[in-house]
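Working notes for the structure below.
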């Protein structure tokens with residue numbers, strides 16, 4: 001009877017162990033060929049390079065456009081009639097474009113330089129240049145630009161754009177210029 005008990009006990013331990021080991025057997029997975037992995041890796045690397053090149057091209061384009069907008073802002077002047085600080089329609093359109101630039105670039109600060117032609121006294125032309133710069137500043141402030149971002153200065157007749165002594169030269173010299181600080 002003892003023998004039978006040992007056999008039963010052995011069967012109770014051995015049979016579940018065999019069942020357990022048979023049920024946990026792993027299926028063999030065929031390894032993927034290395035060529036396919038390499039091709040996939042090459043394709044991924046190529047796509048990554050193409051994306052990086054596209055991003056660089058977009059960034060270069062954005063920088064060119066930003067540089068062009070800045071140059072246009074600085075190089076586009078407004079002009080005035082003789083002995084006047086009134087803004088005509090052309091000057092107002094230019095100032096609207098400048099306001100759009102300033103709104104898009106809130107960190108930009110500007111100096112508005114008022115200039116005159118050589119006719120008139122030095123004192124009168126300095127005062128007229130200041131009125132011209134203030135007219136542009138007031139217009140920009142009315143369009144929503146923070147006045148703390150705008151400074152004015154008058155150069156009167158001191159810095160002519162055209163040194164000529166005729167109406168064409170004088171018309172070029174009656175202007176406001178915009179300098180980014």
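Here are some notes:
- Number of residues in segment 117-136 that are touching a residue at least 40 places away in the same chain (Cβ under 8 Å), in a helix (DSSP H, G or I) and farther than 23 Å from residue 178 by Cβ: the value is 0.
- Check on residue 145, surrounded by 13 or more Cβ atoms within 10 Å (Cβ to Cβ), closer than 30 Å to residue 62 by Cβ and in contact with a strand residue (DSSP E or B) (Cβ under 8 Å, 6 or more places away or on another chain): no
- Filtered residue count, segment 106-116, keeping only those that are surrounded by fewer than 12 Cβ atoms within 10 Å (Cβ to Cβ) and either touching a residue at least 60 places away in the same chain (Cβ under 8 Å) or in contact with a helix residue (DSSP H, G or I) (Cβ under 7 Å, 6 or more places away or on another chain) (or both): 0
- Residues considered: 68, 103. Of these, the only one that is more than 19 Å from residue 129 (Cβ to Cβ), under 25 Å from the mean Cα position of the chain (by Cα) and either at pLDDT 95 or above or in a loop (DSSP other than H, G, I, E, B) (or both) is 103.
- Only residues that are at pLDDT 95 or above, under 24 Å from residue 163 (Cα atoms) and surrounded by 15 or more Cβ atoms within 10 Å (Cβ to Cβ) were counted in segment 119-135, giving 9.
- Inspection of segment 96-105 finds no residue satisfying the criterion of being surrounded by fewer than 14 Cβ atoms within 10 Å (Cβ to Cβ), in contact (Cβ under 8 Å) with a residue 12 or more places away in the chain, over 22 Å from residue 72 (Cα atoms) and out of contact with any helix residue (DSSP H, G or I) (no Cβ under 8 Å at 6 or more places or on another chain).
- Scanning segment 156-177 for residues being surrounded by 14 or more Cβ atoms within 10 Å (Cβ to Cβ) and touching a helix residue (DSSP H, G or I) at 6+ places or on another chain (Cβ under 6 Å) gives a total of 5.
The values are calculated or read from the model by the stated rules, or taken from the named source; none is laboratory data. These numbers were taken from a predicted model, which means no experiment stands behind them. Every residue, glycine as well, gets a Cβ built from its backbone with ideal geometry; the counts of neighbours run over all protein chains shown.
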